[in-house]
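Shown next, in structure tokens, is the structure this report addresses.
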Amino acid sequence: MGDRLRGKVAIITGAARGQGRAEAERFAAEGAHVIAGDVLDEVKDLPDGIHLDVTSTESWTAAVALAVERHGRVDVLVNNAGIHHAARVHEMAIEDFQRVLDVNLLGPFLGIKAVVPHMPGGGSIINVSSLNGLAAQARTAAYTSSKFGLRGLTKTAAIDLGPLGIRVNAILPGVIRTPMVAYVVEEREAELAAGLPLGRIGEPMDVAAAAVFLASDESAWISGIDLPVDGGHIAQTPGL
Ligand SMILES: NC(=O)c1ccc[n+]([C@@H]2O[C@H](COP(=O)([O-])OP(=O)(O)OC[C@H]3O[C@@H](n4cnc5c(N)ncnc54)[C@H](O)[C@@H]3O)[C@@H](O)[C@H]2O)c1
């Protein structure tokens with residue numbers, strides 16, 4: 001497809017399906033060496049697809065060791081893996097709240113700690129937050145908390161890692177057609193699309209294209225930002 005990521009070594013989490021898979025495929029098409037991680041076995045369909053549980057430090061150590069053994073370093077980390085648990089805040093089990101925070105927020109933190117020592121020439125870290133990092137809906141206490149937190153982690157890491165030449169940015173997807181929201185899309189696609197300035201819901205490749213830009217040297221002076229990929233959703237004033 002192109003060479004915008006030629007020779008870059010990228011680790012992408014949650015790459016078995018949905019947005020992570022689209023990112024793995026698009027990054028490879030742009031010339032990157034991709035280590036694709038997931039807890040689902042389907043990730044092994046991809047070249048260099050490996051078991052990676054983002055909540056496990058051992059798992060991160062193994063993934064980074066593989067990248068370094070094969071390619072000598074890491075240039076890009078996409079913290080894409082995420083989960084959702086729907087329940088009203090006072091009815092949510094502590095374990096369910098904790099699990100969402102572990103995958104969506106602790107996971108990216110562990111990933112940053114694992115890759116930074118292996119980014120000697122600088123790098124780009126992309127954290128996939130959400131429009132839920134800006135505002136909530138009912139029954140999303142764990143998810144929304146984690147995605148707000150991930151924006152905070154992004155900004156702090158951008159400041160701490162800037163002197164090392166490492167950029168850290170967040171992508172905030174709107175509704176994207178993936179297994180995570182399949183039930184919503186199936187029931188309400190026409191209504192959701194009609195509510196967006198661009199008139200359609202997002203596809204995984206819409207997010208992958210934004211990730212290519214933030215991973216590439218074209219964004220060399222961009223760090224600490226929130227990049228909505230949302231069909232114009234948050235440009236609108238609600239309720240009018
Ligand atoms: N689809 C949307 O509308 C939407 C909107 C905003 C943000 N997001 C975010 O985008 C990211 C990608 O989600 P998606 O829509 O492709 O969903 P998805 O459910 O299709 O994919 C998520 C992937 O993460 C993997 N994963 C879950 N726990 C993991 C763990 N512990 N370690 C490694 N991998 C793990 C899953 O196995 C799955 O392959 C998530 O962070 C999600 O919160 C999605």
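The values are calculated or read from the model by the stated rules, or taken from the named source; none is laboratory data. The shown structure was predicted, so the numbers you read here are calculated from the model rather than taken from an experiment. Here the Cβ positions follow ideal geometry from the backbone for every residue, glycine too, while neighbour counts run over all protein chains shown. To get the accessible areas, we keep the full protein, side chains included, count just its heavy atoms, and leave off ligands, DNA and RNA. Shrake-Rupley method; radii C 1.70, N 1.55, O 1.52, S 1.80 Å.
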Of the conditions (1) assigned to a helix (DSSP H, G or I); (2) more than 16 Å from the ligand (Cβ to nearest atom); (3) open to solvent by less than 10 Å² (accessible area, probe 1.4 Å); (4) not aliphatic (A, V, I, L, M), K155 clears all except one; give me its number. (3)
Pull out all pairs, ordered by first then second residue, where Cβ-Cβ is under 7 Å, the residues are six or more apart or on different chains, the first lies in region 27-44 and is under 18 Å from G72 (Cβ atoms), and the second is open to solvent by 50 Å² or more (accessible area, probe 1.4 Å) and among the acidic types (D, E). G31/D3; V34/D48; I35/D48
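Only one of E95, E42 is of a type in the set (D, E), at pLDDT 95 or above and more than 10 Å from the ligand (Cβ to nearest atom). Can you tell me which?
Numbers: E42 fails: more than 10 Å from the ligand (Cβ to nearest atom).
Result of the check over E95, E42: E95.
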When you go through G111, G107, G122 one by one, which is the residue that is within 26 Å of F213 (Cα to Cα), away from the ligand (no atom under 15 Å from the Cβ) and touching a residue at least 12 places away in the same chain (Cβ under 8 Å)? G122
Need the failing condition index for L150 against (1) assigned to a loop (DSSP other than H, G, I, E, B); (2) surrounded by 18 or more Cβ atoms within 10 Å (Cβ to Cβ), just the number. (1)
Residue list for region 192-239, filter: open to solvent by 80 Å² or more (accessible area, probe 1.4 Å), part of a loop (DSSP other than H, G, I, E, B) and aliphatic (A, V, I, L, M): L198
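Filter region 190-202 down to the residues that are within 12 Å of the ligand (Cβ to nearest atom) and either in contact (Cβ under 8 Å) with a residue 40 or more places away in the chain or over 29 Å from G123 (Cα atoms) (or both) and list them by number. Explain how you work it out, then say what you get.
Initial filter on region 190-202 (within 12 Å of the ligand (Cβ to nearest atom)): 192, 201-202.
The answer is L192, I201.
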